[in-house]
Amino acid sequence: MTTSATRTTAAPARPALVPVLIYLAMLVAVISSLGAPLIPAIAEANDVSVTSAQWSLTVTLLVGAVATPVIGRLGDGRHRRTVVLVVLTVVLLGSVLAALPLGLGWLIAGRALQGLGLGLTPLAIATARTALTGERSRSTAAALSVTVAAGVGLGYPLTGAIAEFGGVHAAFWFGAAASALALAAAGLVYPPSDDVPPRRLDVAGALLLGTALAAGLLALGEGETWGWTSPAVLGLAAVALVALVGWAVWQLRTDAPLVDLRLARGRTAATAHGAALLVGLANYLLLSSVPRLAQTPASSGYGFGTSIVVAGLVLLPFSAASFLASRLARTLERVVGRRWVLPAGAVLLGIGEVLFAFVRADLWQLFLAMAVAGLGVGTVFAALPALIVSAVPAGETGSAMSLNQVLRYIGFALGSALSATVLEVATDRGADLPGSAGYAAIGLIGVGACVALAVLTATLPGRPRES
């Protein structure tokens, strides 16, 4: 009764809470949008290869994959407000570090610190559910879920415009200003959490997962440069494999796992989590390579020579279509049946990948490919929560969603690193630009992921419709 009363009175005491929570979700979108369109400009500003500059995107997603469950666990108790403020402070420091002209290494370090901010959205949603009541709580949680997708679509051209007229570092100073505003706003209105015992943090699980992802992505990203059979690459691959197996064994045996892999048991749950990984991979194969293609000089014979602003605008149809698909998912369910929504989303995304691979003679075709792909991604992401809810007990839904989010971020990081590797392989020795076939290969890899996703989800047994 005390908790209920506290929740009832918390909302009127902080009328600015909902706008602040929405702004935190927007900040996550800003952090994400400081990546893909800026990669060619980061490479030029730091006099490095585009493949090396790609780490400014990959490292943020890598840290986000590990940080999301860690921050969720630390904020799942009486210290949520403190955790939010500490994370925002670290994000601000990372933004400043990335903004300073200290070289690519420091920029990547700053982007790694910014990656902690990707764990803020689950905390904001949890706050909406506990600090608000009734319809206000439900509507705010739903708004937070779509704000990240919609915000990315606005953030890409906005940060691109800032970088176009003020340089790459100006875009990161914009991120620093946005982070500082979020920190000040959260400090003023973010509510304390209920006085509940915190859960133990699985430090060993976090270290093992971080080691596995870092070693694996480094081997994937540097394999072409160092040599795929070099001791360094083979050693990193071995470390990644051992750490990943050790992490999985530890998660299944410890009493308080970082990510409860036991919730992936059963065909339906395993399918939902496998789908998150596959759609994340196919998604970021496009998001990380399309801006690079758009900015490739027209003299290459296949590029469009656009500005950073236009490269960001190319991603706008993806974000808008993704948002639209998430709103229309229920309509699609009535048309094709609930069990066919995920396969339909996979097919749409696959069509977008095919268009990117083979139909990009004109810039408008690139816009079209991203819009179709966005419809597919939005459809899949909208359908996944219902599949997870149907596969796990009600009391474990939050943990299952956390696992799904982690796998989604892992897919993002893999897609980012893999796209850079493929383009590196497609670049002839001594050449500055990859061949057009490299982009076709990325599209075909994405098609393969979509085929796997379609087969995986289409073979699920039929599930009853919701009433």
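Numerical summary
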item: Single unsatisfied condition, Gly134 versus (1) at positive phi; (2) at pLDDT 90 or above; result: (2)
item: Selection count where residues are surrounded by fewer than 24 Cβ atoms within 10 Å (Cβ to Cβ) and under 18 Å from Leu285 (Cα atoms), scope the range 30-52; result: 4
item: Of residues in the range 251-267 being within 15 Å of Ser390 (Cα to Cα) and in a loop (DSSP other than H, G, I, E, B), the one least open to solvent (accessible area, probe 1.4 Å); result: Gly266
item: Residue among Val84, Val90 that alone is in a helix (DSSP H, G or I), closer than 24 Å to Val189 by Cα and open to solvent by less than 10 Å² (accessible area, probe 1.4 Å); result: Val84
item: Tabulated pairs, the range 299-325, first aliphatic (A, V, I, L, M), second part of a helix (DSSP H, G or I) and open to solvent by 50 Å² or more (accessible area, probe 1.4 Å), C-beta under 7 angstrom, 6+ apart or interchain; result: Ile308/Glu164; Val309/Glu164; Val314/Phe367; Ala321/Leu375; Ala325/Leu375
item: Close pairs (6 angstrom Cβ cut-off, 6 or more residues apart or separate chains): farther than 13 Å from Gly376 by Cα in the range 328-349, assigned to a helix (DSSP H, G or I) anywhere; result: Glu333/Val341; Val336/Ala344
item: Matching entry among Leu93, Leu120 (being farther than 23 Å from Gln405 by Cβ and within 22 Å of the chain's Cα centre (by Cα)); result: Leu93
item: Test result for Arg292, open to solvent by 60 Å² or more (accessible area, probe 1.4 Å), out of contact with any Phe, Trp or Tyr (no Cβ under 6 Å at 6 or more places or on another chain) and farther than 30 Å from Gly77 by Cβ; result: no
item: Residue in the range 95-104 that is surrounded by the most Cβ atoms within 10 Å (Cβ to Cβ), counting only those that are part of a helix (DSSP H, G or I) and touching a residue at least 60 places away in the same chain (Cβ under 8 Å); result: Ala98
item: Breaking point among (1) crowded, with 19+ Cβ neighbours inside 10 Å; (2) part of a helix (DSSP H, G or I), for Ala206; result: (1)
item: Residue match in the range 69-79 (condition: modelled with pLDDT of 90 or more and outside any helix (DSSP H, G or I)); result: no
item: Only listed residue being modelled with pLDDT of 90 or more, open to solvent by less than 30 Å² (accessible area, probe 1.4 Å) and of a type in the set (S, T, N, Q), chosen from Thr421, Thr427; result: Thr421
item: The range 225-244, residues that are open to solvent by 80 Å² or more (accessible area, probe 1.4 Å) and either within 19 Å of Leu403 (Cα to Cα) or within 22 Å of the chain's Cα centre (by Cα) (or both); result: Leu244
item: Qualifying residue in the range 131-148 (condition: touching a helix residue (DSSP H, G or I) at 6+ places or on another chain (Cβ under 9 Å), open to solvent by less than 10 Å² (accessible area, probe 1.4 Å) and not in a helix (DSSP H, G or I)); result: yes
item: Residue within the range 381-401 that is closer than 19 Å to Gly155 by Cβ and touching a residue at least 12 places away in the same chain (Cβ under 8 Å) present; result: yes
item: Residue list for the range 259-284, filter: under 19 Å from the mean Cα position of the chain (by Cα) and over 25 Å from Gly448 (Cα atoms); result: Val259
item: Filter result for the condition that a residue is within 21 Å of Arg408 (Cβ to Cβ), touching a Cys at 6+ places or on another chain (Cβ under 7 Å) and assigned to a helix (DSSP H, G or I), over Ala240, Ala282, Ala276, Ala214; result: Ala282
item: Checklist (1) among the β-branched types (Val, Ile, Thr); (2) open to solvent by 10 Å² or more (accessible area, probe 1.4 Å); (3) touching a residue at least 40 places away in the same chain (Cβ under 8 Å) applied to Thr159, failing item; result: (2)
item: Residue ranges of helices (runs of 4 or more DSSP H) in the range 311-392 with at least 2 members at pLDDT 95 or above, surrounded by fewer than 23 Cβ atoms within 10 Å (Cβ to Cβ) and not aliphatic (A, V, I, L, M); result: 363-391
item: Residues satisfying the stated conditions in the range 105-123, i.e. open to solvent by 10 Å² or more (accessible area, probe 1.4 Å), touching a helix residue (DSSP H, G or I) at 6+ places or on another chain (Cβ under 7 Å) and either farther than 14 Å from Thr60 by Cα or not hydrophobic (A, V, I, L, M, F, W, C) (or both); result: Thr121, Pro122
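The values are calculated or read from the model by the stated rules, or taken from the named source; none is laboratory data. Given the structure is predicted, the values throughout are model-derived calculations rather than measurements. Positions of Cβ are backbone-derived with ideal geometry, glycine not excepted, and every protein chain shown enters the neighbour counts. Accessible surface is based on the protein model in full, side chains and every heavy atom, while ligands, DNA and RNA are left aside. Shrake-Rupley method; radii C 1.70, N 1.55, O 1.52, S 1.80 Å.
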